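What follows is a short report on a single structure.
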Amino acid sequence: MAFYCYKCGKELEFAVKGGIMVGRLDTCDHCNAYLHCCKNCHFYDPGLHNQCRESYTDFIRDREAPNFCSSFQYINSDTPPEMKDQNDAKSKLEALFKNLK
């Protein structure tokens, strides 16, 4: 598993591999985006009411800004965000048009 920045999609290098702790004001070495933000969190889901799978979290207006959320868990992923989105879109299109082949 690897850790990627939500904004630039580049892999992040952490000194400690187990139990990743991202400080509130830590930034990406490549694009300077804040790392402790909703868009890098495992619980972030834009399709939900509060855009979070944790029901007890406070509403956060800016999902790219650093926050004090105690539920924050950095996303573990096999692929960068852009690749994941492309693969999801491709599989949805294939499922939609599978009967036309």
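Scanning region 1-21 for residues that are closer than 13 Å to Asn40 by Cα and at pLDDT below 85 gives Ala2, Ile20, Met21. Considering Asn32, Asn40, the condition of being within 14 Å of the chain's Cα centre (by Cα) and of a type in the set (S, T, N, Q) is satisfied by Asn40 alone.
The values are calculated or read from the model by the stated rules, or taken from the named source; none is laboratory data. The structure displayed is predicted, hence computed values, not measured ones.
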